[in-house]
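The next block holds one structure in the form of structure tokens; read it before the comments.
The values are calculated or read from the model by the stated rules, or taken from the named source; none is laboratory data. Source: prediction; values computed, not measured. Here the Cβ is made from the backbone with ideal geometry for all residues, glycine too, and neighbour counts use every protein chain on show. SASA here: full protein model, heavy atoms, side chains in, ligands and nucleic acids out. Shrake-Rupley method; radii C 1.70, N 1.55, O 1.52, S 1.80 Å.
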Amino acid sequence: MNSFAGKIFRGDRVMWVIFAILCVISIVEVYSASSMLTFKTNYWQPILKHTMFLLTGTAIVLLVHSVNPKYFRIFAVMLPFVWLLLIATQFMGHTVNGANRYLFGFQPSEIAKLSLISCVAFILSRQKNKLSESLSFKWIWILTIVTCILILRDNFSTAAILYGVVAIMMFIGQISFKRMTLFVSVTVASLALLFAFIWFFPGTAKNIGLERGVTWVGRITDYKEKPDIRKGDYEVTDDNFQTTQANIAVARGGIFGTMPGNGRQRDFLPQAYSDFIYAIIIEETGIAGGIAVLSLYVFLFIRAGIIAGRCTKLFPKYLVIGSALMLVIQAVVNMSVSVGLIPVTGQPLPLISKGGSSILVTCVFVGIILSVSRFENPRGVRQEEIIAKEFEEEKQLTIENEELITQTI
């Protein structure tokens, strides 16, 4: 049985365990948090649909992790096509929660993450000298700006996270300090000008299609100026309803929570099964459960770092780094929103939140990491297998020696 499983689930075993645990947590918590959805359909429909997405995602992981990492360059070639999808979404997209994010049932921004990260990894892997570094920097910046601007209008948080991931990848990819300083300075200045424009001219911003920008500026302002509940001047409004219910869920959790299925705020908290599922996790499993989930993402990041460090080729190394950064930063943003550390963003918790395209693309990222651990890790998984085999042989030899000594005595 172990041999059969070993032939199917190749690659880093720790990553497989983390993936499996996150999927199990997802099924339990989405089932618990989907109480509001059951009134719209039937009792089992939400969780069955979510489970099917997870099973499909697992099949994607198995498929992707069996592909040699060198073929993942095709994701970079897809970038111009992804731009067309993002543009089409602006005109033909399905509006959800005030934003045009869906086209034919999926979010092109999810594919844009995968494509841009692959493209950046490929460009960084081709650097050979300072001249090529300068050219790489320019190309990465241009491709990142175009992609993030196309995402920015309806999904500011996704564009910001993707932009940050690319910046970290360039830093790890040894882009010079001078160019990184320029990158950060221009970015901060541009965001400040955009914020100021929306702040002083909200009507004009709405007229030119920056409605979501006005929403974001409002969220940041409300977060900075939120009333102190200890002074008794806190009032629940439509603007702070989500965060208020999330805070109540976190406060009710205590150390060990109310146990899965016994949460109350799932009946009041909008998007309890998606954007705020971490608040429900804390309510039902307590601070202990919240720390455990956070630790899983930390372990995922550490393990991905180990896999990247063992790579002998640059493209898979940078691809693993970018994939892990995207998953972990998105998770940290979601958890920070749920506990009130940052304004509401609308980012799902990778592999746990209910979703479709988000789960499937996340599984592609996991499959990429496992593929690299399998094909580009001669000192990684294979070395661990050799060590395990040597340990078993030594253990068997020790048992045989003990039996021989016993017989002699």
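The table below gives the values:
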item	result
Any hit, region 41-57, residues being assigned to a helix (DSSP H, G or I), touching a Cys at 6+ places or on another chain (Cβ under 6 Å), at pLDDT 90 or above and surrounded by 13 or more Cβ atoms within 10 Å (Cβ to Cβ)	yes
Test for Ser323: is it among the polar types (S, T, N, Q), open to solvent by less than 50 Å² (accessible area, probe 1.4 Å) and under 25 Å from Val166 (Cα atoms)	yes
Any hit, region 24-32, residues being modelled with pLDDT of 90 or more, open to solvent by less than 50 Å² (accessible area, probe 1.4 Å) and touching a helix residue (DSSP H, G or I) at 6+ places or on another chain (Cβ under 7 Å)	yes
Criterion: among the hydroxyl-bearing types (Ser, Thr, Tyr), farther than 30 Å from Arg13 by Cα, open to solvent by 20 Å² or more (accessible area, probe 1.4 Å) and part of a helix (DSSP H, G or I) - qualifying residue of Thr243, Thr258, Thr285	Thr243
Matching residues, region 261-281, being open to solvent by 20 Å² or more (accessible area, probe 1.4 Å) and polar (S, T, N, Q)	Asn262, Gln271
Inter-residue pairs, beta-carbon under 6 Å, first under 15 Å from Ser115 (Cβ atoms) and in region 74-94, second of a type in the set (S, T, N, Q) and part of a helix (DSSP H, G or I), 6+ apart	Phe75/Ser115; Phe75/Ser118; Ala76/Ser118; Met78/Ser115; Leu79/Ser115; Val82/Ser115
Flag if Leu124 is open to solvent by less than 10 Å² (accessible area, probe 1.4 Å) and in contact (Cβ under 8 Å) with a residue 60 or more places away in the chain	yes
Any chance Leu296 is assigned to a helix (DSSP H, G or I), touching a residue at least 40 places away in the same chain (Cβ under 8 Å) and either at positive phi or surrounded by fewer than 20 Cβ atoms within 10 Å (Cβ to Cβ) (or both)	yes
Yes/no for Val333 being in a helix (DSSP H, G or I) and within 20 Å of Val61 (Cα to Cα)	no
Residue under evaluation Arg252, criteria (1) within 19 Å of Pro46 (Cβ to Cβ); (2) in a helix (DSSP H, G or I), criterion not met	(1)
Per-region count, region 97-147, residues assigned to a helix (DSSP H, G or I), farther than 24 Å from Ser190 by Cα, hydroxyl-bearing (Ser, Thr, Tyr) and modelled with pLDDT under 85	1
Answer from Tyr273, Tyr278 - the residue that is within 18 Å of the chain's Cα centre (by Cα), outside any helix (DSSP H, G or I) and not polar (S, T, N, Q)	Tyr273
Residue among Leu143, Leu135 that is open to solvent by 10 Å² or more (accessible area, probe 1.4 Å) and under 21 Å from Lys70 (Cβ atoms)	Leu143
